[in-house]
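Single-structure report; data block below.
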Amino acid sequence: MRRWMVLGLLCFVTQVSGQRGGSPAYEDTNNIPASPEIHADRTVTFRLFAPKASDVLLMGSPGILEVIKNPKALEKDSKGVWSTTVGPLPAGFYTYGFAIDGGLRMPDPSNPNVELRRWGNTSSFIVAGTERAVFEERPVPHGTVHIDFYDSNNLGTERMFYVYTPPGYETTKLKFPVLYLLHGNGQIEASWTWTGRANVILDNLIADGKAKPMVIVMPYGHIPREIKPVPAVPASSNDGAAIEKELLSEIRPAVETKYRVLTDRNHRAIGGLSMGAAQSLSIGLHNLDQFAYIAAFSGGGNRADWEKADTAVLNKQLKVLWIGCGTEDPGYAGVKGMDDLLTKKNVKHTFNQSGGGHSWPNWQQYLAKYAPLLFRD
């Protein structure tokens, strides 16, 4: 019996080896070049095997475009490998992709670090500094990232949300405060963990005693999942209200049923980036009885709603109102306008003006600044 098993295994290995030897170029892993290659001097080389392409550009989302400013052409060698080197780059987190022959940006097939976006998945890498950044893994106690599926009665479809539980959650009976953390227009519920590294940021902050242990809920912020549904579905003008209803009537009850969380407003926060920033400002303002903390990263809210809001009520109800934006962000003027409005109305808030643009390096830092302010009393 054993002899037949060995013979069978040898035949299988021979068959697989033969298949590999006859693989077409696009299936042959020998054609995968090293990319990105981060050099000791912090220059970075990008490579792509595309022997039949006539034009390849290094793109950003905006990511690396904040450094190189414009898409950069790659050059092809005799083996069909395109490459370019940029930098030296400042230490930090970067996203990028390739545009081939004028097509839409695509991720780097050599790089497993991919952000699953609503459109145009993109690749990422880190240029290490002398000290580990808050979004880099350290040997500290780690929390857990859960994925929860549910059937939405509001939307008539299956949905999901991600949940981060802090280190020690499984071994205690304590209840924890909750931060609802919302993504941007081009992203999905996985983005804050897969790319934003919210779980890593909280692990590090909690380990350093800078943030209270908390649960983070990361839902999906759009109605249709496809950016262009087929058959075409007319765009709704009321998506914001639908997402607010979904969060309050479907997601929050599901979280509070399944997870050990505190359910009073003083232990519930909301925040988000870009589109999620506008959603957070809107949902928080409409539901001051449910949220005591609001944050907006690189996005503004409906200024007319905030103009009408009672300053005394806002200052009494909100423990933290936090707004951040990079000066190179295309939406900076609108966000600064929200800051000016709140200042004019004497609404207590924090405006964090930073360098950089509309990208993860800012949003990661904003979360690292916002989280330590939560649930302190």
Against the longest principal axis of the chain, how steep is helix 332-344, in degrees 0 to 90 to the nearest 10, with axes from Cα atoms? 20
How many nm separate the modelled label positions at ALA73 and VAL230, each set 7 Å beyond the Cα in the direction of the Cβ? 3.4
Quick check: net charge around PRO372, other residues with Cβ under 15 Å of its Cβ, Lys/Arg +1 and Asp/Glu -1? +2
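From largest accessible area down, sort SER78, SER61; use a 1.4 Å probe on the protein chains.
Working: SER78 125, SER61 30 Å².
I get SER78, SER61, largest accessible area first.
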Simple label model, 7 Å out from Cα along Cβ direction - HIS286 to ASN185, nm: 1.9
Using the Karplus curve 6.51 cos²θ - 1.76 cosθ + 1.60 with θ = phi - 60°, what ³J(HN,Hα) values do you get for each residue of the range 98-114, in whole Hz, with x for Gly and Pro? 10, 10, 9, 6, x, x, 5, 4, 10, x, 6, x, 7, 10, x, 8, 10
If you take the square roots of the eigenvalues of the alpha-carbon gyration tensor of the range 98-155 and sort them as a ≥ b ≥ c, do you get rounded (a/c under 1.5), prolate (a/b over b/c) or oblate? oblate
List the relative contact order of the chain as a percent without decimals, with contacts defined as Cα pairs under 8 Å and 6+ residues apart. 12
List the aspartates and glutamates whose Cα lies under 16 Å from the Cα of LYS258, skipping any in the same chain that are fewer than 8 positions away. ASP148, ASP151, GLU170, GLU250
Long pairs among LYS345/LYS369; LYS212/LYS345; LYS175/LYS345, criterion Cα-Cα beyond 29 Å: LYS212/LYS345; LYS175/LYS345
Going by a ≥ b ≥ c, the root eigenvalues of the Cα gyration tensor, does the range 262-377 fall in the rounded group (a/c under 1.5), the prolate group (a/b larger than b/c) or the oblate group? oblate
For PHE46, net neighbour charge (Lys/Arg +1, Asp/Glu -1) across residues whose Cβ lies under 10 Å away: 0
Given unit charges at Cβ for Lys, Arg (+) and Asp, Glu (-), the dipole magnitude of the chain about its Cα centre in debye, nearest 20, is 540
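In terms of the Cα gyration tensor, with a ≥ b ≥ c the square roots of its eigenvalues, is the range 106-236 rounded because a/c is under 1.5, prolate because a/b exceeds b/c, or oblate? Intermediate results must be reported in sequence, preceding the final value.
Details: a/c = 2.82, a/b = 1.34, b/c = 2.11.
Taking the square roots of the gyration eigenvalues as a ≥ b ≥ c, the range 106-236 is oblate.
Which net charge results for the neighbourhood of THR350, defined as the other residues with beta-carbon distances under 12 angstrom from its beta-carbon, given Lys and Arg at +1 and Asp and Glu at -1?
Around THR350, the surrounding residues sum to +2.
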I want to verify a result. In a Gaussian network model of the chain, Cα cutoff 10 Å, which of these has the top mean-square fluctuation: ASN30, ASN346, ASN111? ASN30
So how do 178-185, 249-256 stack up, highest first, on mean other-Cβ count within 10 Å? 178-185, 249-256
The ³J(HN,Hα) series, computed from each phi in the range 56-73 with the Karplus coefficients 6.51, -1.76 and 1.60 at θ = phi - 60°, rounded to the nearest Hz and given as x for glycine or proline, is 10, 10, 7, 10, x, 9, x, x, 5, 4, 5, 9, 7, 6, 10, x, 10, 6
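The values are calculated or read from the model by the stated rules, or taken from the named source; none is laboratory data. Keep in mind that what you see is a predicted model, and the values were worked out from it rather than measured. Glycine gets a Cβ as well: all are built from the backbone with ideal geometry, and neighbour counts include every protein chain shown. Accessible surface areas use protein heavy atoms only, side chains included; no ligands, DNA or RNA. Shrake-Rupley method; radii C 1.70, N 1.55, O 1.52, S 1.80 Å.
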